[in-house]
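Just so it is clear, none of the values below were taken in a lab; they were calculated from the coordinates. Just so you know, these numbers come straight off a predicted model, no measurement behind them. When we count neighbours, we look across all protein chains shown, and the Cβ atoms used for this are built from the backbone with ideal geometry, even at glycine.
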Amino acid sequence: MRARWLALGGVALAAVVAPARATTRVSARVPAVTGHSYILVDPVTGAVLAARHPELRMPMASVTKLMTALVAVEHASLNAKVDVTAGAAATSGSSMQLIAGERIAMRNLLKGLLIASGNDAAVAIADGISGSVPRFVALMNRRARALGMTNTHFENPDGLDYAHHFTSARDLVLVGRQVVANPVLERILKTRRAVVPGPNGIGGRVLISQDGALGSWTPIDVIKTGRTHAAGGTVVCRAVQPGTGVQLWVAELGAPSVAGRSADVEKLIGWGFRHYSRTTVLSVGAPEGTIPVTDDPGVVVQLQVARELVSVIRVDMRLTRTIRVAGGVSLPVAEGQVLGTITVRQGAHVLGVRSLVARAAVNPSVGTGAAS
């Protein structure tokens, strides 16, 4: 290892670069995908693992409904009752089968919106909260600006094609992450099938996910897809790697087919997961240098790691370790006495911090455990 030591006010700092064996070669070649625009993001570190035109403004189709849902929960109670207008019930495209004149709870409209991708649910929500679609869309655009979605503009709450209705892959990840921060919406997005009351509470409506093959692919836990003539296939989803718990977000716009969209997402996520591994970064008892004894020149105390650190790491990135200890220590020193810390990072991301302790006791009389 290489260490660079600095003494600052009696404190010694060492930046230690982990050996080359800490990295593993991962193919730098991103899988070929059919979508016109996409992004693959690690939400913990913010790292973009792969992207193509991530800022490009493109039609978004039904992924629009993520913002519709977000604005809905921020402006209405889940138990609020909404009167379904004739206009909402007549909205074209995918539907949760609303009937004009019925009253339905907001929580059930959200299920119809996100599971069945109901365009009728989207308009009913807009009417129920704002009294009209244009006023609700203004709330959507205001929320997009607050989130930093600089390449997004909404013209409707359902995602039907419109000249000035667009987003970017990067913006889709922003709104997706904000939506799943709400436990209710996260739970709905994880649901593939649900039953909600029928018109005026009579009977039931079965809601089936519109997400196709991706909805049943195990690593994906939350997803919203869309498709229109102008937008092609669109998707934003979160996947969790079995065994490590690593989360990756993917957004894609402009896939030429539903099958192509599914294949693209699976390839990108599979490739992304190969960048991560759970490993022992620091072992209990591992030696980590020495500290001088100030009142017995030439004598040092050996340091070791007090507690194991197991972490998920990027296998293609080196680890750095920063050791922080006092400039010296006075005797006696007890075995296991905490004398400093070691911090392990990958880039700016802190993997963990562990105490450094004396490997053995060192006493003034005999200097047991010391090495000169």
*Which residue fluctuates the most in the chain, going by a Gaussian network model with Cα springs under 10 Å, if the choices are ALA144, ALA239, ALA348?*
ALA348
*Given q = 0.11, 0.13, 0.14 Å⁻¹, what are the Debye log10 I(q)/I(0) values for the chain, with equal point scatterers placed on the Cα positions and solvent ignored?*
-0.78, -0.94, -1.04
*With runs of 4+ DSSP H residues as the only contributors, calculate the mean residue ellipticity of the chain at 222 nm using -39,500 (n - 2.57) per run, divided by the residue total and rounded to the nearest 500.*
-7000 deg cm²/dmol
*Would you grab the residues whose amide H sits under 5 Å from the one on LEU207? Only those 5+ places off in sequence or on another chain, please, with H modelled 1.01 Å from N.*
ALA194, VAL195, VAL196
*Report the extension gain between ARG145 and ALA326 in nm, rounded to one decimal, defined as 0.36 nm multiplied by the number of residues separating them, less their alpha carbon distance.*
60.4 nm
_For segment 175-184, Karplus couplings with θ = phi - 60° (6.51, -1.76, 1.60), whole Hz, Gly/Pro x_ = 6, x, 5, 5, 5, 6, 5, 8, x, 5
_Using the Kirkwood formula on the Cα atoms of segment 80-142, what hydrodynamic radius do you get, in angstrom to one decimal?_
11.2 Å
*Shape call, segment 37-255: gyration tensor on alpha carbons, a/c limit 1.5*: prolate
*Hey, with R₀ at 35 Å, roughly what FRET efficiency would ALA28 and ALA163 work out to, going by the Cβ-Cβ distance, to 0.05?*
0.35
*Fully extended contour minus Cα-Cα distance, from SER132 to ALA47, at 0.36 nm per residue*: 26.7 nm
*What nm value, rounded to one decimal, do you get for the distance between ALA286 and ARG274 when each label is placed 7 Å out toward the C-beta?*
2.6 nm
*For ARG103 and LEU56, what does the FRET efficiency come to when R0 = 45 Å and r is the distance between their Cβ atoms, rounded to the nearest 0.05?*
0.60
*Want the number for GLU308 to ALA86: 0.36 nm per residue separation, take away the alpha-carbon distance, what's left?*
73.6 nm
_For the chain, what does the relative contact order come out to in percent, with C-alpha contacts under 8 Å and a separation of six or more?_
19 percent
*Folded to 0 to 90 degrees: helix 119-130 orientation relative to the chain principal axis, Cα*: 80 degrees
*Note the angle between two axes, namely the Cα long axis of helix 133-147 and the longest principal axis of the Cα atoms of the chain, as a number of degrees from 0 to 90, rounded to the nearest 10.*
10 degrees
*Using Cα centres only, tell me the gap between segment 27-65 and segment 190-222 in whole Å.*
26 Å
_Pair LYS190, ASP221: separation of 7 Å Cα→Cβ label points (nm)_ = 0.6 nm
*Once phi is turned into ³J(HN,Hα) by the Karplus curve 6.51 cos²θ - 1.76 cosθ + 1.60 with θ = phi - 60°, what whole-Hz value does each residue of segment 195-210 show in order, with x for glycine and proline?*
10, 10, x, x, x, 6, x, 9, x, x, 10, 8, 9, 10, 4, 9
